[in-house]
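Following: one structure in structure tokens, then a few remarks.
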Amino acid sequence: MVTLLVDGEEREVSLSATLLDALRDELGCTQVKDGCSPQGQCGCCTVLVDGVARVACVTPVRRVVGRSVTTSSGLDAAIADRIVTAFEGTGASQCGFCTPGIVTRLAALARKGVPTESQVRTALGAHLCRCTGFQPIVEAALVALDPSAPLPDRRDPEAAMARATLESGPTQVAGPDVVLGAFRFSADSTLAGSSVAVARADGGYEVARSAAEARLSSGKVQGRNSTIPVVAPLEIPQIDDPVIELATSFVEPAHVEPDASWCQPGGEPSSPFANAGAFGAKRHSPVAADARRLADELGAPVLALWPREEVVRRGAKRPPVSMALRADGTGELRVATTPGSDDLSGVLAEVSALAPGLEVSLVEVRGPRVGSTHRGAVVAEVLAVLAARDLEPGTPVTVTSPNGARATVAIDPADDAVSVSVDAGTPLCPITLRSYVIGAVHQALGMVRTEGIAVDAHGAVHDLTIRSFGILTASQTPPVVVEVVDSDGPPLAVGVAVLAATMAAAWVAAGRPASWPCA
């Protein structure tokens, strides 16, 4: 055991631990989040060591003995307040899992003076925020780290919660405490003395007193990027006189919070959605049922936890599709499914109602399981293809989703800037709505241009790291301008409409290649 100075207080921790395990498992610093350990690629566990930002999951305690460690809870009060206020004023925090690490890195950046936008985006290269599309975070940083800049007003937490919950599905809490990591996700909420069951690559779980012990005894191997190319699993249908053709690959939802659920024997397991991240991808996650089964088997409370590699292996992917379309809107759509996947019949029925001219079929392929609840799964792709049929690059694309929400998206051919206009009924919280719109734009651009995962001929996933999914970084993401139509109609979730319209605009801008990702 050694002594560390953590947030100004001397604390005793194990010399053999990583800094992340020492902070979370030994000291209960749950504001430091674990999104990918020990990959060191998501940035959620970022802390300061003698004022310098460090990723805790790849930092051994032995390297920081005698040094000062600062988490988001121990930051200088003045700079922390400026950053939190700016985050709340720009909608830079949604589920809040990634933000404590980002706030901590921005506090370190502030020590170097007022940063440029390029410097902020470069600093964010160490982080993944799947929800916001990075731009609100960049905007917040530029204001917060310039002492002369006036701070925006903080959004109303109740209104923000209402809009976020509408867009996410599950309830999402908003507020300053969420930004700094005070919200307790499933992996943060276990009772003292609970066992931890870490998922293994063979489909089972390794049970121990802590996540670190379970990972060690399970023989967990850190994921790697593959050299296998990303390919579409479905061939494009052969029809007469097609004017447009497309095949998509498996896409990793890449929610930053790993699937986790805590349960007592005979109790109700905690939701893996926690604060509503994941775009619907966790709705049918088996982890909650696993937690209940393990608790009953052990006769004691247990946390079931998927490390990042198992999130990729076990988690449901966005269903790949292939389609060919004629000028009159008729054609054929194939949707991929795999053994153990969600029932996609409801998705197919919705598509058939939207595009009655399409012959829709389900095709079983080898690969990871696919989900039916991802944001606009299959529906957004079909809406995008229908909208893109006759467009020229730079032409605005308008899509109305099945719920009546409308989005118009244009991508400037000169500088790749994205303009979005949305009618989502009563905005509830324009700041939060804008954040969700930018996040949907970011996801759509990535799906068309860069996102996909490598799957071999046997259906096994080989891209297991955060950096291997092709998600656009802060530096790669173009500027997005959002106009929110001030409507007095009932509030509507607009994410699917924005996703589809942006997909269409990005695809047209790329020349409508026959496969995604196309970069």
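Computed from the coordinates by the stated procedures, all read-outs in this text should not be read as laboratory data. What you are looking at is a predicted structure, and each value in this text was computed from that prediction instead of being measured. A quick note on method: Cβ atoms are made from the backbone with ideal geometry, for glycine too, and the neighbour counts reach across all protein chains shown.
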- request: Would you please give the FRET efficiency between ASP415 and GLU392, computed as 1/(1 + (r/R0)^6) with r the Cβ-Cβ distance and R0 = 22 Å, to the nearest 0.05?
  value: 0.80
- line: Taking 229-241, 428-440 and ranking on average Cβ neighbours within 10 Å, highest first, one gets 428-440, 229-241
- request: Provide the packing ranking of 177-188, 116-127, i.e. peptides ordered by the mean count of other C-beta atoms within 10 Å per residue, highest first.
  value: 177-188, 116-127
message: Run the reach check for LYS317 against lysines, Cα to Cα strictly under 20 Å, same-chain hits fewer than 8 apart removed. What comes back?
response: LYS282
task: Identify, among CYS45, VAL508, THR338, the residue whose Cα sits farthest towards the positive end of the charge dipole of the chain, taking +1 on the Cβ of Lys and Arg and -1 on the Cβ of Asp and Glu, with the dipole about the Cα centre.
output: CYS45
P(r) histogram, all alpha-carbon pairs of segment 2-70 included - 5 Å bins from 0, percent: 4, 21, 33, 29, 12, 2
Karplus 3J(HN,Hα) series, Hz, for segment 355-367 with 6.51 cos²θ - 1.76 cosθ + 1.60 (x for Gly, Pro): 10, x, x, 8, 8, 9, 9, 9, 10, 7, 10, 8, x
- request: Could you list which residues have their amide H under 5 Å from that of VAL256, counting only those 5 or more apart in sequence or on another chain, with H placed in the peptide plane?
  value: ARG130
statement: Summed over the other residues with a beta carbon less than 10 angstrom from that of GLN94, with K and R at +1 and D and E at -1, the charge totals 0
- prompt: Whole-Hz Karplus ³J(HN,Hα) for segment 191-205, in order, using 6.51 cos²θ - 1.76 cosθ + 1.60 and θ = phi - 60°, x for Gly and Pro?
  reply: 6, 4, x, 5, 6, 10, 10, 9, 5, 9, 5, 8, x, x, 10
- prompt: Hey, what do the phi angles of segment 171-188 turn into as Karplus ³J(HN,Hα) couplings, whole Hz, using 6.51/-1.76/1.60 and θ = phi - 60°, x for Gly and Pro?
  reply: 4, 10, 7, 10, x, x, 5, 5, 4, 8, x, 6, 5, 9, 6, 4, 6, 9
Modelled FRET efficiency - R0 60 Å, ARG62 with ARG326, Cβ distances, 0.05 increments: 0.35
query: By a straight-distance test (C-alpha under 20 Å), which aspartates and glutamates pair with LYS112 as possible cross-link partners, with residues fewer than eight away in the same chain excluded?
result: ASP50, ASP76, ASP81, GLU139, ASP146
message: Can you tell me, using C-alpha contacts under 8 Å and at least 6 residues apart, the relative contact order of segment 336-476 as a whole percent?
response: 17 percent
message: What does DSSP give for segment 375-514 in terms of the percent of beta bridges that are antiparallel, rounded to the nearest 5?
response: 70 percent
query: Which percent, to the nearest 5, of DSSP beta bridges fully inside the chain are antiparallel?
result: 65 percent
query: Per residue of the chain, what 222 nm ellipticity follows from adding -39500 (n - 2.57) for every DSSP H run with n ≥ 4, rounded to the nearest 500?
result: -8000 deg cm²/dmol
- prompt: Taking the Cβ-Cβ separation of LEU5 and LEU191 as r and a Förster radius of 30 Å, what is the calculated FRET efficiency to the nearest 0.05?
  reply: 0.60
query: Normalised by the number of residues in segment 1-150, what is the relative contact order in percent for Cα pairs under 8 Å and 6+ residues apart?
result: 24 percent
- prompt: Please state the relative contact order of the chain as a whole percent: Cα pairs under 8 Å, 6+ residues apart?
  reply: 16 percent
query: Taking square-rooted eigenvalues a ≥ b ≥ c of the alpha carbon gyration tensor, is segment 338-485 rounded, prolate or oblate, where a/c under 1.5 means rounded and, failing that, a/b exceeding b/c means prolate?
result: oblate
query: How many angstrom separate the Cα center of segment 347-376 from the Cα center of segment 271-287?
result: 21 Å
task: Name the long-range amide H neighbours of VAL370: under 5 Å, sequence gap of 5 or more, or other chain; modelled H, no Pro or chain starts.
output: LYS317, THR338, SER341, ASP342
task: State the Cα centre-to-centre distance between segment 116-188 and segment 392-410 in whole Å.
output: 26 Å
query: Taking the mean number of other Cβ atoms within 10 Å as a proxy for protection, how do you rank 202-212, 99-109, 352-362 from highest to lowest?
result: 99-109, 202-212, 352-362
